[in-house]
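Worksheet: the structure to be examined is printed underneath.
No lab work stands behind these numbers, since they all come straight from the coordinates. Owing to the predicted nature of the structure, the values given are computational and were not obtained by experimental measurement. In this analysis, Cβ positions are derived from the backbone assuming ideal geometry, glycine residues included, and neighbour counts consider all displayed protein chains.
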There are 4 protein chains.
Amino acid sequence: MNNKLFDMAKLASKNSYSIFSHFKVSAAIELKDGRIFTGVNIENSSYPESMCAERVCLFKAYSEGVRKDDIKSLLIYHPGNDALAYPCGGCRQVMSDLMDHSCVIAVSNDVDYKEFILGDLLPYSFTPENLK
Amino acid sequence: MNNKLFDMAKLASKNSYSIFSHFKVSAAIELKDGRIFTGVNIENSSYPESMCAERVCLFKAYSEGVRKDDIKSLLIYHPGNDALAYPCGGCRQVMSDLMDHSCVIAVSNDVDYKEFILGDLLPYSFTPENLK
Amino acid sequence: MNNKLFDMAKLASKNSYSIFSHFKVSAAIELKDGRIFTGVNIENSSYPESMCAERVCLFKAYSEGVRKDDIKSLLIYHPGNDALAYPCGGCRQVMSDLMDHSCVIAVSNDVDYKEFILGDLLPYSFTPENLK
Amino acid sequence: MNNKLFDMAKLASKNSYSIFSHFKVSAAIELKDGRIFTGVNIENSSYPESMCAERVCLFKAYSEGVRKDDIKSLLIYHPGNDALAYPCGGCRQVMSDLMDHSCVIAVSNDVDYKEFILGDLLPYSFTPENLK
């Protein structure tokens, strides 16, 4: 486990804007050059216009010029000791397009931690190649 | 393979509203009582407001009162002989909440066909239980 | 006000799948040939993968081959006597692409009713013409 | 017009990840304390999982702890001299929840510029008050 990534995600979680579900989630990605980007879930009164922490995190990085080959891993954090908050399918789709499928996806709370390979979380994926 | 489900999905695919990608997808779900609902992808000039065939299909059924225990299987169809159009992560998330994880998810085109169990397409899923 | 459209929307509202917000919404569109399609909001544990009633209704119609020139009006219904549930921006975007901007959009509950012209609800819209 | 905001948005537009539409959009928000956040559109092979520049920009700011009262204005930029890229309805919904309705929304390209008040772009909005 990358302690700095965990600390950054935990710190970011206080910025979660989850006024409807009160379910705080944050995420952090680490780049190969050591830089870290964080994100939180941001809800909307029109639920479909809400956004998850993992996607906010990746969108931030891409908006700063980061691309697939720059990213090393992504960690998801949900405060407390409830069940781990695994990434939703929508986030896996965004990860699938924006990260290498060999990247590590870590899922954590304050008492538990698990690691996966992105490709294992979205087998048989729909990809940009489908649209060519 | 369920030939009727395939025929219905293939027929529905002509209603695909994919004016930007020109990538036609349709889907059909079969209920335990034999009823079938179909859906197609419907794109929007604001891409995030587009919708996939699988979700349209499930939303239609739920809007008519269908619920999780009523659904038997879902088939995805992409016309032609290109690579199979596997369901995107967003659709798997919607299937995960709205269908039993033991349901069969079939993916087809005019020359190929594969079957999966929903639970295998979205392992370690985020579910309504997380929000309780 | 179109009483049949209202009755159909009210009847459909019992199918609302709003297990997180408990905020029921339904919608109904009337075609020029008299046919009516209904929709409800369908929530997801991953909030961004939820869908609004207005969009479900339009997606259903399009998936059955209905197109822009076939649609006459859309009515939104929220049970009870709370504030009217005006359409969210995401739904207005979908209406903007899929309906004529001169269509009537009606918003109702059990005690109140208002009518708008679609074009007035989304002035200066982003349209498919932008992408040409 | 705020020249610094425009310059930052124009600079950011090169990070647009619009590999399907090739339609580049960027956005920048200015805070009352002078800080600026930028965003770009980031597309996905599953179109509904794409995201607009305006939302990326606001999500970034909120994820860093910015809240409604901190934000002064938002500018949208589309390179070239095509028609102005007005914000889509989904983005107006996110602005509506995350910004004060009196904020200025500016829309620009390399030859044209227009200013609006947020509240005028999404009249009769659906808001968090509806869910209380």
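All C-alpha pair distances within the protein assembly as shown, sorted into 10 Å bins from zero, spread as 4, 20, 31, 28, 14, 2, 0 percent across the bins. Loop-located trypsin sites (Lys or Arg not before Pro) in the range A:49-108 (DSSP state not H, G, I, E or B) with no more than 16 neighbouring Cβ atoms inside 10 Å: A:ARG67. Only loop residues by DSSP count here, and only those with at most 16 other Cβ atoms within 10 Å; note down the GluC sites (Glu not before Pro) in the range B:1-110 that meet that. Those satisfying the criteria are B:GLU64. Quick one: of A:LYS24/A:LYS68; A:LYS72/B:LYS24; B:LYS4/B:LYS72; A:LYS24/C:LYS10; C:LYS114/D:LYS72; A:LYS14/A:LYS60, which pairs are farther than 24 Å apart, Cα to Cα? The answer is A:LYS24/A:LYS68; A:LYS72/B:LYS24; A:LYS24/C:LYS10; C:LYS114/D:LYS72.
Taking the DSSP beta bridges with both ends in the protein assembly as shown, the antiparallel portion is around 75 percent. Only beta bridges with both residues in chain D are counted; by DSSP, about 75 percent of them are antiparallel. Treating r as the C-beta distance of C:LYS114 and D:GLU115 and R0 as 22 Å, the FRET efficiency rounds to 0.15. Please work out the Cα center distance from the range D:67-100 to the range A:44-123, rounded to the nearest Å. When both Cα centres are located, 26 Å separates them. For the segment B:115-126, counting C-beta atoms of other chains within 10 Å of every residue's C-beta and taking the mean gives 5.
Rg over Rh for chain C works out to 0.95, both radii taken from alpha-carbon positions and Rh defined as the Kirkwood radius. Kindly state, to the nearest 0.05, the FRET efficiency for A:LYS132 paired with C:GLU129, given R0 = 22 Å and r defined as their beta-carbon distance. So the FRET efficiency works out to roughly 0.30. Only Cα pairs under 8 Å and 6+ residues apart enter the sum, and on that basis the relative contact order of chain C stands at 20 percent. Dividing the summed -39500 (n - 2.57) terms of all DSSP H runs of n ≥ 4 by the residue count of chain A sets its mean residue ellipticity at 222 nm at -7500 deg cm²/dmol. Using the Cβ-Cβ distance between B:ASN81 and D:LYS32 with R0 = 41 Å, the FRET efficiency computed as 1/(1 + (r/R0)^6) comes to roughly 0.10. DSSP bridge analysis restricted to the range C:59-132 gives an antiparallel fraction near 50%, rounded to the nearest 5. For the segment A:75-83, counting C-beta atoms of other chains within 10 Å of every residue's C-beta and taking the mean gives 1.
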